[in-house]
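The values are calculated or read from the model by the stated rules, or taken from the named source; none is laboratory data. Every value quoted in this text rests on a predicted model; they were computed, and no experiment measured them. Heads up, the Cβs are rebuilt from the backbone with ideal geometry, glycines too, and the neighbour counts pull from every protein chain shown. All accessible areas refer to the heavy atoms of the entire protein, side chains included, with ligands and DNA or RNA removed. Shrake-Rupley method; radii C 1.70, N 1.55, O 1.52, S 1.80 Å.
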Amino acid sequence: MKSAGAKYCAALFFLLYGLRELYFFAGNFVFSDLLRVMLYLVVCFSFIKQRGSVRADTGLKATAIAFSHLLVPLFFRREGHGLYLGEFLSVLGLLFSTVGAIELWESFAILPAIRRIKTAGAYKITRHPIYSGYILTAMGICLSNLSRYNLAVLFCFGVLTVLRINREESLLASDDGYKQYTNAVKYKLIPCVY
């Protein structure tokens, strides 16, 4: 996102996403909905503070993967309250994503880009803690609203997450600092697994 207009459009998108979550919170007072509002506000303000990148992947494939990944969670159906384990996973995931977004701050972006490499905090656990949190949150939503439909949405979201990570990793592999980071932090998404 090179122009200021694109940066502010992205910030507006996440602000609207946050307002959607605030609507859900007002309807049922579920704590994870409030945390989602907080996450999207952090992301909104990080776009406003965003720095330029050294290099970015603005190709059609990267754009399609990134925006599909952003939109798929909108398809989860919130039909009721199920397992408390689902709410616990959502809260854990949202906290992890929010911490990752705060640590990434002005380097946060939708499209893959080389900016300042972050290696502290949540980035010592996994190379993509925001996505790790997203996956936990999506699993929590799915457990709380268990249906075949939501399982299919979760599967699509998981596939898109892996595609998005691989796209980012292929761009970042050209950065020497990132190569050193990958030697220190072996796992992309799930510690001890992937």
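So here's what we get for this one:
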{"quantity": "Subset tally (residues that are in a helix (DSSP H, G or I) and either buried (at least 22 other Cβ atoms within 10 Å of the Cβ) or under 10 Å from the mean Cα position of the chain (by Cα) (or both)) for region 109-146", "calculated": "14"}
{"quantity": "Residue count, region 73-86 (criterion: open to solvent by less than 80 Å² (accessible area, probe 1.4 Å), modelled with pLDDT of 85 or more and touching a helix residue (DSSP H, G or I) at 6+ places or on another chain (Cβ under 6 Å))", "calculated": "2"}
{"quantity": "Test: residue in region 167-176 that is surrounded by fewer than 18 Cβ atoms within 10 Å (Cβ to Cβ), acidic (Asp, Glu) and part of a helix (DSSP H, G or I)", "calculated": "yes"}
{"quantity": "Residue, modelled with the lowest pLDDT, within region 3-48, restricted to residues that are among the polar types (S, T, N, Q) and open to solvent by 30 Å² or more (accessible area, probe 1.4 Å)", "calculated": "3"}
{"quantity": "Single residue of region 147-163 satisfying the filter (open to solvent by 30 Å² or more (accessible area, probe 1.4 Å) and of a type in the set (Val, Ile, Thr)) that is nearest to residue 98 (Cα to Cα)", "calculated": "162"}
{"quantity": "Residue selected from region 49-72 under the condition surrounded by fewer than 17 Cβ atoms within 10 Å (Cβ to Cβ) and β-branched (Val, Ile, Thr), by the criterion farthest from residue 19 (Cα to Cα)", "calculated": "54"}
{"quantity": "Close pairs from region 49-72: first modelled with pLDDT of 90 or more, partner among the polar types (S, T, N, Q) and surrounded by 15 or more Cβ atoms within 10 Å (Cβ to Cβ), Cβ under 9 Å, at least 6 apart", "calculated": "69/161"}
{"quantity": "Residues that are of a type outside the set (A, V, I, L, M) and assigned to a helix (DSSP H, G or I), drawn from region 147-166", "calculated": "148, 149, 150, 155, 156, 157, 158, 161, 164, 166"}
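Condition check ((1) part of a helix (DSSP H, G or I); (2) of a type in the set (Val, Ile, Thr)) across all residues:
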position: 35; (1), (2): yes, no
position: 39; (1), (2): yes, no
position: 42; (1), (2): yes, yes
position: 47; (1), (2): yes, no
position: 51; (1), (2): no, no
position: 72; (1), (2): yes, yes
position: 86; (1), (2): yes, no
position: 89; (1), (2): yes, no
position: 92; (1), (2): yes, no
